[in-house]
């Protein structure tokens, strides 16, 4: 079957993968999962290892009692070694899967690692980050990139292997950020065998009736296999309700708007976004 003209005219995308190394290394499955995602949309991959650069604030007494300069060098060396190991793992996965890869290593002070990752991510089409709930560095990078890169961010859970992203679930409330997420998810939507638009009806006032079906109809008009469903949170967090329903119907990728804002590098997440990140169970494309 011939693809519609708008599909053939898509540029080849480049995905950015941010690999944290301090204080915790990026999740172990991130290399394989990131390569699996970009292969499915025919994208190239740019992997960035972010290593720590700790300012030397020692004085004569701390140097004598704590050997602080040497400890700093040890931490920085371990961070660089971790970055090299992560980039090598990505290179192996990319080579095995036939994915075009470029790599980079950058340094940043501990408090600015997320900001640096976000700024680097602005030069690419989509951002990939690994996620472990107890990994401080992974959370810092994910939140900074989501709210600071200006790019859609796919958060990949370390608890699961990324398979074929054939069933895409769209969380739809008719909002601006939800519409932005649908547009950003186009490379995945056009390759999906099934698309389900899900609206949570008991969480907040919605802009109209049958808004999910209206979006699904628009996607069908574009030649995509889309349907709509309405669910109720029933006391659960909206993030939990969306993920549970997505998994129940065989969803492989959840697409939703990312709510929240940053204030002096302290991230304040909206309820839906916080619910997703508190227990990530499948890949989620978040767009802010």
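Report the residue, chosen from 53, 158, 202, that carries the largest GNM mean-square fluctuation when the chain is represented by alpha-carbon nodes joined by springs under 10 Å.
202
How high is the FRET efficiency from residue 105 to residue 159, r the C-beta distance, R0 35 Å, rounded to 0.05?
0.80
Relative contact order of the chain, please, whole-number percent, based on alpha carbon pairs below 8 angstrom and at least 6 residues apart.
Once divided by the residue count of the chain, the mean separation gives 19 percent.
So how do 129-142, 174-187 stack up, highest first, on mean other-Cβ count within 10 Å?
129-142, 174-187
Would you mind checking the tilt of helix 30-40 against the longest principal axis of the Cα atoms of the chain, expressed as 0 to 90 degrees and rounded to 10?
40 degrees
Which label belongs to the value computed from this structure, given these candidates for semi-axes √(5λ) of the Cα gyration tensor in Å: (i) 40, 19, 17; (ii) 37, 22, 15; (iii) 29, 24, 19?
Identified label for the calculated read-out: (ii).
Give the calculated FRET efficiency between residue 85 and residue 244 to the nearest 0.05, with a Förster radius of 51 Å applied to their Cβ-Cβ distance.
Efficiency computed from Cβ-Cβ geometry: 0.90.
Mind checking the angle between helix 211-221 and the chain's longest principal axis? C-alpha axes, 0 to 90 degrees, to the nearest 10.
80 degrees
Arranged from highest to lowest average of other beta-carbon atoms within 10 Å per residue, in what order do the peptides 165-173, 205-213 appear?
165-173, 205-213
Ranked highest first by the average count of other Cβ atoms within 10 Å around their residues, in what order do 103-111, 20-28 fall? Intermediate values should be presented prior to the final figure.
On the way: 103-111: 15.2, 20-28: 21.8.
Ranked from most to least packed, the peptides come out as 20-28, 103-111.
Which distance in nm do the two modelled labels at residue 74 and residue 92 give, with both placed 7 Å along the Cα-to-Cβ direction?
2.8 nm
Nearest 10 degrees is fine. How inclined is helix 136-148 to the longest principal axis of the chain, computing both from alpha carbons?
60 degrees
Starting from 0.36 nm per residue, how many nanometres of slack lie between residue 214 and residue 232 once their C-alpha separation is accounted for?
So the chain would gain 4.6 nm between residue 214 and residue 232.
Could you work out [θ]222 nm for the chain from helices alone, using -39500 (n - 2.57) per DSSP H run of at least four and dividing by all its residues? Round to the nearest 500 deg cm²/dmol.
-12000 deg cm²/dmol
Throughout, read-outs are computed from the coordinates displayed, never taken from laboratory work. Keep in mind that what you see is a predicted model, and the values were worked out from it rather than measured. Every residue, glycine among them, receives a Cβ derived from its backbone with ideal geometry; neighbour counts consider all protein chains shown.
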